[in-house]
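The values are calculated or read from the model by the stated rules, or taken from the named source; none is laboratory data. Just so it is clear, the model here is predicted, and its values are computed rather than measured. Counting neighbours? That spans all protein chains shown, and the Cβs are built from the backbone with ideal geometry, glycine included.
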Amino acid sequence: MTFLHVSRAFRGCAIKLLYHLWGETFIRERTSVIENYKPTLYIFRQLAQQARSAPHGFTSQDPPPKFLSARVVRHPITPLARIWSALIRNSATANALLDDAEADWTCGDFEEVYTEEVIQIIKDSYAEIPAGIRPLLLGHVIHLVMTQAAFWTKMKELRAAACSVSRILVQLERMEQIEVRLSTYTS
């Protein structure tokens, strides 16, 4: 925001960069009038806090957080809003899943976190930002998102492997019980 007041050249560059992130939320392209971006930022900040502190509101049948009904969240039109919306929803789903799975890791449904569709939305939104400024503006964010997506993908595979091993162990235990019964009958 400081660059908006340095000089006309800096203002022009800052407005172009911020337009790529915020789109019409930040500045009207036709009129070049800077809009108040703070309500949008406040909405996403509140949702991010709720995704950490009360994630079940996003995933359960209870009334959802009030900011989920905001237009910028329901129909995000800017790349940054689409990335934030997907990231916050996935964080809430992951946190709710981890809260529920503390007692029993076999009950969680890891398939709901970072689905292929969500990852594609994030990648497409990231690709909408011009390539020269993409890593500077959102490089760290996309790195964190892809790291989390890789983690949850591995969790799905680990859960599948653990379920397979547990089924095999249950079958082995049953076979041992049958052998013990057979040995008692034969002796």
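The set of residues in the stretch 58-85 being outside any helix (DSSP H, G or I) and at pLDDT 75 or above consists of P65, A70, H75, P76, I77, T78. Of the residues making up the stretch 149-187, those that are closer than 29 Å to E112 by Cβ and among the aliphatic types (A, V, I, L, M) are A149, A150, M155, L158, A160, A161, A162, V165, I168, L169, V170.
Checking each residue in the stretch 139-153 for being among the β-branched types (V, I, T) and exposed (fewer than 12 other Cβ atoms within 10 Å of the Cβ) picks out only T147. Filtered by the rule that a residue be polar (S, T, N, Q), in contact with a Ser or Thr (Cβ under 8 Å, 6 or more places away or on another chain) and modelled with pLDDT of 75 or more, the stretch 17-57 gives a lone residue, T40. Within the stretch 140-159, can one find any residue that is under 29 Å from K16 (Cα atoms), in the same structural domain as F44 (by TED's automatic domain parsing) and touching a residue at least 60 places away in the same chain (Cβ under 8 Å)? Yes, the conditions are met somewhere in the stretch 140-159.
Scan the stretch 119-139 for residues that are within 27 Å of T59 (Cβ to Cβ) and at pLDDT 85 or above and jot them down.
Kept after step one, since they are within 27 Å of T59 (Cβ to Cβ), are these residues of the stretch 119-139: 119-126, 138.
I119, Q120, I121, I122, K123, D124, S125, Y126 - these are the residues of the stretch 119-139 that are within 27 Å of T59 (Cβ to Cβ) and at pLDDT 85 or above.
Somewhere in the stretch 96-104, is a residue at pLDDT 85 or above and either in the same structural domain as S53 (by TED's automatic domain parsing) or in a helix (DSSP H, G or I) (or both)? No, the stretch 96-104 contains no residue that is at pLDDT 85 or above and either in the same structural domain as S53 (by TED's automatic domain parsing) or in a helix (DSSP H, G or I) (or both). Report yes if some residue within the stretch 109-130 is surrounded by 18 or more Cβ atoms within 10 Å (Cβ to Cβ), touching a Ser or Thr at 6+ places or on another chain (Cβ under 8 Å) and either farther than 30 Å from I43 by Cα or in contact (Cβ under 8 Å) with a residue 24 or more places away in the chain (or both); otherwise report no. Yes, the stretch 109-130 has at least one match.
Restrict the check to the stretch 152-172 and report whether at least one residue is closer than 22 Å to I15 by Cβ and either outside any helix (DSSP H, G or I) or not hydrophobic (A, V, I, L, M, F, W, C) (or both).
Pass one, the stretch 152-172, residues closer than 22 Å to I15 by Cβ: none.
The answer is no; no qualifying residue exists.
The requirement of being touching a Lys or Arg at 6+ places or on another chain (Cβ under 7 Å) and surrounded by 12 or more Cβ atoms within 10 Å (Cβ to Cβ) is fulfilled somewhere in the stretch 68-81, by at least one residue.
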